[in-house]
Amino acid sequence: MNREPLTLLGIETSCDETAAAIVRLHPDGHGEILSNVVRAQLDLHAAYGGVVPEIAARAHVDLLDPAIKQAMAEADLGFHAMDGIAAAAGPGLIGGLIVGLTTAKAIALACGKPFVAVNHLEAHALSPGLTDGLPPPYLLLLVSGGHTQLLIVKDCGDYQRLGTTLDDALGEAFDKAAKLLGLGYPGGPEVELRAAHGLPNISLPRPMLGRPEPHFSLAGLKTALRQAAMARAPLREQDVADLCASFQEAVADVVRDRVLRAMSLFEDWIPEGTEPALVAAGGVAANGRLRKALDEIAADCGYRLVVPPPALCTDNAAMIAWAGVQRLARGLTDGMAAPARARWPLDPDAPPALGAGVKA
């Protein structure tokens, strides 16, 4: 480990959050967030029921410089005090990624600092080290708007994918469920809010239960929800609440089954004497019903459950800076030609999932 602290500026522009943060890695291995600024774009996209890439990219151009200025001011540090500059380089929306990458490279060049191109998924994967001091190895459930995966996190840069989604990601499924029920955007919080006032009394399928590979498939569940809603039209407020509760319960059952299967594979690999840990990261990890299901699984199976705070589950720059400083501490930096990547799998050697349109 380094004898001196390492301090990094991180930039996140992979989707519709414009974010900048400064994180410090101390010699004993623990992390400290010196600032974490997130400027959301929800109002710009709400009317469209989802993120519009061109609007997002233009908003990043307007919002990123003020976000960086605020992050530097809150940390009371100048660029000269940074040991490196990191930016999310993928996976994500190319236009937004280019804005963040170009800005980070410009700062790094102007200040003579190392540049680190960060995999956004790796940033989620490593975030428990920042929030809870949890080092690898552990089992990760990565659940976001664009990705749903189960992975073994062996070390920084070393991942084994156990399962992925064959169609919709969990966050995408929640957003589509909300849209077909006439709810607002983003859909996940809206579905959870309505579900709290409903009963899970509507029969919906649990896709993929019992399958040997811990993959997910949610498109059929979404279709079944649409059919159940059409059968009850016109929908009363209680109908919507019951549909949301039933959908959320079905998702919880699917996640429980898939995680249990991944645990059995993880336990075949885990080094002897290692305390097993389950991590849930990504925006959907903030869902209360999902968290309860994971609490139950972890307690039943003797795992430590780690879920970063909600503000660090959703897209943010602190996790980008943390992943960047972990790579920098290992001497891993990138050149100015590092590209933006729409797709960037954590486990590039994982075999394609049969039937997937795969969001790896």
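Worth a mention:
- Counting only lysines at least 8 places from residue 292 when in the same chain, there are none with an alpha carbon closer than 20 Å to its own.
- Shape box of segment 1-102 [Cα atoms, principal axes, largest first, Å]: 49, 26, 22
- Cross-link reach list, lysines versus residue 176, counting only Cα pairs under 19 Å and skipping chain neighbours closer than eight places: 222, 359
- Mean separation of Cα contacts under 8 Å, 6 or more apart, over the residue count of the chain: relative contact order %: 24
- Accessible surface, per residue, of segment 11-127 when the full set of protein chains is kept, probe 1.4 Å, Å²: 38
- Relative contact order, percent, segment 142-203 [alpha-carbon distance under 8 Å, six or more residues apart]: 24
- Residue-span extension gain [residue 238 to residue 76] - 0.36 nm each, minus C-alpha spacing: 53.2 nm
- Equivalent ellipsoid of segment 126-262: semi-axes from √(5λ) of the C-alpha gyration tensor, largest first, are 31, 16, 12 Å.
- Of the residues 72, 230, 336, the one with the largest accessible area comes first in the ranking 230, 336, 72, computed with a 1.4 Å probe on protein heavy atoms.
- Helix-only arithmetic for the chain: the sum of -39500 (n - 2.57) across DSSP H runs with n ≥ 4, divided by the residue total, places the mean residue ellipticity at 222 nm at -14000 deg cm²/dmol.
- Potential lengthening of the chain between residue 203 and residue 32 amounts to 56.9 nm, from the contour at 0.36 nm per residue minus the alpha-carbon distance.
- Beta bridges by DSSP in the chain, antiparallel share as percent, to the nearest 5: 65
- Cross-link partners of residue 105 among aspartates and glutamates (Cα-Cα below 16 Å; sequence separation of 8 or more within a chain): 12, 65, 83, 334
- Taking amide hydrogens as placed 1.01 Å from N in the peptide plane, the amide H of residue 165 sits under 5 Å from those of 148, 216, 359, each at least 5 positions away in sequence or on another chain.
- Nonlocal amide H pairs with residue 181, under 5 Å, H built at 1.01 Å: none
- Using the average count of surrounding beta-carbon atoms within 10 Å as a protection proxy, the listed peptides 155-164, 92-101 rank, highest first, as 92-101, 155-164.
- The phi torsions of segment 153-170, fed into the Karplus equation with coefficients 6.51, -1.76 and 1.60 and a -60° offset, translate into couplings of 8, 8, 5, 4, x, 10, 9, 10, 7, 9, x, 9, 8, 7, 8, 6, 7, 4 Hz, rounded to whole numbers, with Gly and Pro shown as x.
- The tail of the calculated P(r) for the chain beyond 35 Å holds 23 percent of all Cα-Cα pairs.
- Segment 115-175 - Debye-derived log10 I(q)/I(0), Cα point model, q = 0.13, 0.21 Å⁻¹: -0.36, -0.85
- All alpha carbon pair distances within segment 226-360 were sorted into 10 Å bins beginning at 0; the resulting P(r) in whole percents reads 9, 25, 34, 22, 8, 2, 0.
- Other-chain or far-sequence residues with amide H under 5 Å of residue 277's (modelled H): 139, 304
- Cα centroid separation, segment 37-85 to segment 209-232 (Å): 36
- Listed peptides 303-316, 42-55, 210-223, 281-294 appear in the order 281-294, 303-316, 210-223, 42-55 once ranked by packing, highest mean of other Cβ atoms within 10 Å at the front.
- On Cα atoms only, tilt of 94-111 relative to the major axis of the chain in degrees: 20
- Segment 19-80, relative contact order in percent, only Cα pairs under 8 angstrom and at least six apart counted: 39
The values are calculated or read from the model by the stated rules, or taken from the named source; none is laboratory data. The structure presented is a predicted model; accordingly, all values stated were derived computationally and were not measured. All Cβ positions, even for glycine, are placed from backbone atoms using ideal geometry, and neighbour counts span all protein chains on display. Protein only, heavy atoms only, side chains kept; ligands, DNA and RNA dropped before computing areas. Shrake-Rupley method; radii C 1.70, N 1.55, O 1.52, S 1.80 Å.
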